Structure formats: C-alpha cells, structure tokens
1. Go through the range 375-408 and count every residue that is small (Gly, Ala, Ser), at negative phi and exposed (fewer than 15 other Cβ atoms within 10 Å of the Cβ).
2. Collect the residues in the range 230-252 that are over 22 Å from GLN203 (Cβ atoms) and either of a type in the set (Asp, Glu) or open to solvent by 60 Å² or more (accessible area, probe 1.4 Å) (or both), keeping them in residue-number order.
3. Can you name every residue in the range 473-489 that is open to solvent by 70 Å² or more (accessible area, probe 1.4 Å) and either farther than 24 Å from GLY510 by Cβ or part of a helix (DSSP H, G or I) (or both)?
4. Of the residues LYS560, LYS594, which single one is of a type in the set (Lys, Arg) and assigned to a strand (DSSP E or B)?
5. From (1) open to solvent by 60 Å² or more (accessible area, probe 1.4 Å); (2) at pLDDT 80 or above; (3) not in a loop (DSSP other than H, G, I, E, B), pick out the condition that doesn't hold for LYS362.
6. Which residue out of GLU256, GLU285, GLU275 is closer than 30 Å to ASN214 by Cβ, loosely packed, with under 10 Cβ neighbours inside 10 Å and without any contact (Cβ under 8 Å) to a residue 60 or more places away in the chain?
7. Would the range 63-76 turn up any residue that is open to solvent by 40 Å² or more (accessible area, probe 1.4 Å), within 23 Å of ILE253 (Cβ to Cβ) and either among the aromatic types (Phe, Trp, Tyr) or in a helix (DSSP H, G or I) (or both)?
8. Looking only at the range 28-80, which residues are charged (D, E, K, R) and either within 60 Å of the chain's Cα centre (by Cα) or closer than 30 Å to ALA265 by Cβ (or both)?
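The values are calculated or read from the model by the stated rules, or taken from the named source; none is laboratory data. Since we're looking at a predicted model, the values are computed, not measured. Please note: Cβ atoms are built from the backbone with ideal geometry, for glycine as well, and neighbour counts cover all protein chains shown. Each accessible area value is taken on the protein alone, full model and side chains, heavy atoms only, with ligands, DNA and RNA left out. Shrake-Rupley method; radii C 1.70, N 1.55, O 1.52, S 1.80 Å.
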Amino acid sequence: MKGMGSSRTMEHVEQELKKRMQELECLYDIGPEITSNEDISVVLARCTVHLARGVRFPEIAASSIWFDGSEYTSTPVAKDKITRSLTSDITVDGKKRGSVEIYYLKAADFLEEEEKMLDHISRGLSRAIRQRETQAELEKHVGRLEVLARRRAEEAESSRERYEDLFEMAPIPLTLSRTNGDIIKANRAFYQLLDYPEGKEAQLNFVKDHIFENLDEIRALIHQKLAEGQAVDFELTLKNRNGVRIPVMGSYIFIEYDGRRCVEAVYKDIRLRKELEMRLIDQNETLERKVLERTVDLERQKDLLVKKNLELVNLTEKLRESSTRFQALFKAITDTVVVIDPGLNIVMSNQKTVGGKGKCYKKVFGQSARCDDCLAAKVLAEKAPVTQEKVVGDDYYLLQAYPIFNSLCEVDGILEISRVITKEKNMERQLLQADKLASLGQLVSGIAHEINNPNTFIRGNLYIIQEAMNDIFPILDRHGQSHPDLKIARLNYEVFRKNVPILIDDMAEGANRIKGIVDGLRKFAKRDEGLLNERVSVNAVVESCLRLVDNQVRRIADVKVDLVPDLPPVVGNLQKLQQVVVNILINASQAIDKARGTISVTTSYNEKEVILRVSDNGKGMDERTVQQIFDPFFTTKRHHGGTGLGLSIAYGIIKEHQGRIEVDSKVGLETTFHIYIPRASGESR
C-alpha cells in the first residue's frame, strides 16, 4: 500500500511538473517577443498565440489582448462559445491601458498557477510597453535613464526568480551546462532519470561522468544543429549512474548565463516507446513469416477453390431448378403452410392472405393473442412432430407441425400445416348422429320388447289376483269376525283388509303405465318410411313424448300441461312429430340454469291451424342467437357435445308438414317455441 501511495504521489508530481513545463515554454516564447524591437501590434498578436498554447488544455483554448482600443486574438471566438475565462489588466504607470484574456471553449477550470502565469505575462507586457514608451521618453529625457534602468533590473530579477521556480518544478528533465560539459544546474526530474542524488555534492560533467553514449558523435551533432539554428527532438542515449542505457529525445538551445554562453537542454524519456517499437518489430517479423506461410497455403487453396467453384456453379444451377420446382409445389398446396421462427413470427407462407410476416396466431387464425394450446410451443419443447385438432370460432382445423433443426441440432423453426376440416367434422357428426339414432332405435325396440314380455305376465296375473281377492275377502271377513286376533302377513286383519286392495290397484296401474311407456318407445322406434299420410293427434304426440323424456325433464323442472280437449287432428308423420317435440322439450330442460325451473306445454287451435306452445323460464337467448338457432350446426353447446342439428331437423320436419316454428325469447327470463301445423282437411269446429 505504501508503494502504491508513492506511485500516486509521483504521478501527481509528474502531472504538476508537466503543467509547469507548459507555462515555462509559454514564458520562453513570450519573453523574446516582448523584448523585441518589432511593432507593438505584431508583438501582441504573436503573444496571443503563445498564450493559448501555455494553458493546461490548449486544444480548447483561445486568447486575446486589448490595448489602447485595439484587439489582437489567437483565434476569433464568438462570445456565446466561451465557457470559462481569465483576465488580467495591462497597467502602465498605474493606468489601465488594456487587458490579457484566456478563454476555454468547453467546460474546464483554470488552475491557480495559470492565473499567476497570466498575471506574470500581463505584468511583463505592461513592463515591455512601459519599456518601449520609456525608451521613447529617454530620447527626450536622458536624465531619467538611471532610474528607469534600475527599475528594469529589478523587474528582470523578479522574472529570473520566476524562471528558477519553473525550472526546478518542471516534470521533464532540464539541465543548464557549459560547453565543456559541466552541469551548472539540473532539476529534480534529471537526477531521478539518471538515478543520481540531488544537491551540490552531485555536480556532474557530461564528459567526465560518461553520461552520453558516443560522446564525440553526440557533441558534434548538437553543435551542428545549434549552428543551423536549433536542435529540437533528436534521439540520443544517456547512461545512468549504474551504466544502464536510457534512450531519450533531446532538445538544446544556447543561452547567456552569468555572462557566459551556456547550453540549456530538455530530455524526454522514451524507454516505453522503444520497448513498444521492439515489440512491434518482433510482431512485424512474425506477421511477415506467417503471411509468407499463409501465401503458400492460399496458392494451394486457390487451385482447389477453382475446382470447387466449377462444382458449385453446376450445383447452383441444379439448386435453382430445384427451388423453382419447390416453389411451384409449395404454392400449389391448398392447405395453409407456414414456416415460423421460435418467436411465432411467420418467415414464409404459401398463401397470399397470410403473407410472409406477422404472428402466426394473428395471420392464420385471426386471433389477437397466442393460442392456449400452442402447437409450436409443443414442438419446441418436445423437438418432435405434433398433430392436433383445434377449434377457432365455428371452424375446425387439423394442425400438423414439424421441427426444423439447425446445424447444432437445435430447433430454430417450425413447419406448420393447417387444414380447415369443418365440413368433414360436420359430416362426421351427422353420420355419428344418424348412427346414434339408428342404434337408439334398435336399442329402444329391443328394450320395449324385453320389458313388454314380463309386463304382460304381470298385468295378466294381477287381473287374476284381483278377481281372487274379491272372492277371498268375504270368507276372510267372516273368519275375522270370529277371530279378532287374526293376522295376515304380520298385519292385523283390519289393516290388511284396508290396504291390500290399494296395493294391488297400484301395482296394476304401474303395470299399465309401463305398458304405455313401452308402447310409446315402440312407436318412437318404429321403422318409418317418412310418408306424411297419417291423421295424428298432437295431444297424443305430446303425452307420449312427455313419457319418453319424463326422467330427464322432471329432474330439472316442473312440467305444466294444458292440452285442449277435442283438438283437431293434423295430417303428417307421427314419428317425425314426436322427434320435433322430444327435441324441443330436451332443449327447454337444458336451458334452465337455476335450481329448479318450470316448463309449460299447451295446445290450442284456430280455423286453419293446430298450435303447440312449449315455454321455459331458463336463461333465454339474445336476438342474434334467436336468428341462428335453426341454422345447421349452430349450437351454443359446442363444448358440451352439441351438434347444432336438433333444431334444424325440427325446423325441416315442420316445413315438411307445411307448418312453421316461431320463437320468442328474453335474456334471463324465458323462451317460448310456437309450432303451427295445418289442420287435416274436412276438420272444422
């Protein structure tokens, strides 16, 4: 942790020294400008450029100098673009003559040292201007020369002290040396670079201490470049106290120091750059070797690719022909075929109405949300083909889905084929219903026969028993008078005498009722040719049908019957009319959704027709349902086994009889079926 703290401190120090170096370079550039003899407007214009480069962020900086009403700028800047600025006045002899300003064009703060630098420069400009104006005055007032010279000396000393501070705190190595190699002074960064201790005891000489590698060559190069005007940023090698080579970039200038010509130098450590250059060279050599090897491989591959290309051209042509045939076949399929991705988006389809994009449940089935029993989800989960039937609205679909695998054996698509099988389903139900009716007829006929045989014995025997009991009771009465304690079947004789005749009568009535039900079943199951040539009593039809559905209806509702006596007959088919009434009675019972309801059956007639009304107080129907109930295969009980054929068949039968059916219904209250059948010819009241 201590080492880390030291590292951070050194990094901070280096950053600070870098800032000081920028200031120093700015001062170095501005110093000769303000001391030159050029016109003041030229000097001020150049100073703005040096000043903008001397701040921490020169890339977003600009500067200007105002003097005696004139403005000099490094870069023209609109006022609304300035985010931060520093200003220092140019004051000559206590009078403000102008100002020096630095701007930042983006958000950034100025450092305190930069404020001090700006003040120092403005003071320098003030002094330079004053010096120029003083010089002019000296020509007129020679007597004031000594005073002005002393002031200038003091100012120069102040500037020297500022330079000394910046020199010492610079983040890069700096030296001031004589031409014989003696180092007059060096900053902390230089001693750290060469691993020498600081202070007077560490006075060094470039020659004696062998600090330069290839001393003669470097010395000649430096003097040659200085003779040409400047020696800036050329590469050389220094050696530290332990003889370790340190590559650096050096820059040199001649300056006057203590009346002697000296050399001021700046060194930049480039060890990291050199290391990176070596790595880059190694990498380039490796890359060249690999490129050479790869070139040989590519030449071999080239010949192979030419052969493969010819094969691919032939294969492409075959694939194009195959694709054309596939597209024609795909479009010719009448079923809806779609390819969908795992997100249920359609990738392609053979139907224009479906298109090639959108969600499958919306495009194929017209639904706004994903199907509850989504076939694609099953395929993704099971990774195997799936087949199922689906009901959407009033339509039936047969769906088949097959997984499409990618190279990783993962399902990344599904081929789904959907076929509308509503007609097939309806035909299947019709056949099933016909088969059920045929089976029911056979079953009813058999049951009626089996019940009728034993019931005939029961009815005959009960008749004999009734006659026998009528002959036996007088004998038993006389015996009972003389034997008051007489018991028969563990009953006192009086109780026996009173109740047994009633029991026998009930049994006879029950047997007769069984005979009536059996007769009704036999008539219902009777083979019918479908001719409408019978004289039929509607009251008799109602009574027989009530007996047939009694068990189913009376569990749900109370049945109220009001049949008009002497009801005129109608001409028609008894069995078909029974089918109509049975169907309507069962529908009435199924419409009741309360604990117990009521079904009313009434008959009446007028001059032309016999009228049958069947009412229930069930859940009723809305107007739309009433308009559709006689449509084939329309049902509100689709999911409870309803086929939607019962009422359509009943409607057709009544039409065959030249009659009509009307329906009145109120939602939640009641429903009434009105059946009108023409009276038989010659029947009038």
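1. 3
2. Within the range 230-252, GLN230, VAL232, ASP233, GLU235, ARG245 meet the criteria.
3. If we filter the range 473-489 for residues that are open to solvent by 70 Å² or more (accessible area, probe 1.4 Å), which is where we start, we get 475, 478-479, 481-485, 487, 489.
ILE475, ARG478, HIS479, GLN481, SER482, HIS483, PRO484, ASP485, LYS487 - these are the residues of the range 473-489 that are open to solvent by 70 Å² or more (accessible area, probe 1.4 Å) and either farther than 24 Å from GLY510 by Cβ or part of a helix (DSSP H, G or I) (or both).
4. Going through LYS560, LYS594 in turn, the sole match is LYS560.
5. Failing condition for LYS362: (2).
6. Details: GLU285 fails: loosely packed, with under 10 Cβ neighbours inside 10 Å; GLU275 fails: loosely packed, with under 10 Cβ neighbours inside 10 Å.
On inspection, the qualifying residue turns out to be GLU256.
7. Our first condition is that a residue be open to solvent by 40 Å² or more (accessible area, probe 1.4 Å); within the range 63-76, this holds for 66, 68-73, 75-76.
So of that shortlist, the ones also within 23 Å of ILE253 (Cβ to Cβ) come out as none.
Taking every residue of the range 63-76 in turn, none turns out to be open to solvent by 40 Å² or more (accessible area, probe 1.4 Å), within 23 Å of ILE253 (Cβ to Cβ) and either among the aromatic types (Phe, Trp, Tyr) or in a helix (DSSP H, G or I) (or both).
8. Across the range 28-80, the qualifying residues are ASP29, GLU33, GLU38, ARG46, ARG53, ARG56, GLU59, LYS79, ASP80.
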